[in-house]
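The values are calculated or read from the model by the stated rules, or taken from the named source; none is laboratory data. None of the values given here were measured: they were computed from a predicted structure. Note: ideal-geometry Cβ built from the backbone for every residue, glycine included; neighbour counts use all protein chains shown. All accessible areas refer to the heavy atoms of the entire protein, side chains included, with ligands and DNA or RNA removed. Shrake-Rupley method; radii C 1.70, N 1.55, O 1.52, S 1.80 Å.
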Amino acid sequence: MPARIKTRSRNRLLAATLPLAAVFLCLTPSANSQRNKDPLTPDQEEQVRAVADQPDERVKLFVKFIELRTDSIHRSVVRPATQHPGADIHDALVGFTSLVDELQDNLDAYDESHSDARKGLKFLLEHSPKWTAVLHEPPESPQYDFDRKSALDAVGTLKTGSGPRARRRD
């Protein structure tokens, strides 16, 4: 009898830990996939870190990275690498929106800390008008229309906040 009780206890323990192990295994890939969705490459992250204390240069870097995404969107429309470029356009739009949001967060932080980012803002205001035109280039598609709207909203928010910041600092 005691051997049966020990076996049942082990089975119950195994039955209780197995679902926990399954949950752990399911969460591990999702954490990894979130890391893969970071819009910046490790090299770009390092470039951003290198200018962390230089607001103008950091803004210029973000504008450069955003323009890489707009170039990608434009290339996907003009010369698609695949027969169905929707996935590429979707990914570029998501990356674009993430970068614009990150730039907006940086600008908000600079504004709160009264950091001088006038040169970077001027650079931003010179380059951002063409972004909206590029976002309208892809034909309508349910595969990425929501992402396009999100990107356009992010640009609109960035433009409405950047103009007053630049004028306030002058």
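Among the listed residues Ser150, Ser141, Ser113, which satisfies the condition of being within 19 Å of the chain's Cα centre (by Cα) and either among the polar types (S, T, N, Q) or surrounded by 17 or more Cβ atoms within 10 Å (Cβ to Cβ) (or both)? It would help to see each step written out before you state the result.
Numbers: Ser141 fails: within 19 Å of the chain's Cα centre (by Cα); Ser113 fails: within 19 Å of the chain's Cα centre (by Cα).
Of the residues listed, the single one that is within 19 Å of the chain's Cα centre (by Cα) and either among the polar types (S, T, N, Q) or surrounded by 17 or more Cβ atoms within 10 Å (Cβ to Cβ) (or both) is Ser150.
Can you tell me which residues in region 115-132 are of a type in the set (S, T, N, Q) and outside any helix (DSSP H, G or I)?
Looking only at region 115-132, we keep the residues that are of a type in the set (S, T, N, Q), and these are 115, 128, 132.
Of everything in region 115-132, those that are of a type in the set (S, T, N, Q) and outside any helix (DSSP H, G or I) turn out to be Ser115, Ser128.
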(message) Condition first: more than 19 Å from Ile73 (Cα to Cα), acidic (Asp, Glu) and either without any contact (Cβ under 8 Å) to a residue 24 or more places away in the chain or surrounded by 14 or more Cβ atoms within 10 Å (Cβ to Cβ) (or both). Now tell me which residues in region 116-138 satisfy that.
(response) Glu126
(message) With assigned to a helix (DSSP H, G or I), at pLDDT 90 or above, open to solvent by 90 Å² or more (accessible area, probe 1.4 Å) and not small (Gly, Ala, Ser) as the only criterion, which of Arg49, Arg12, Arg8 stands out?
(response) Arg49
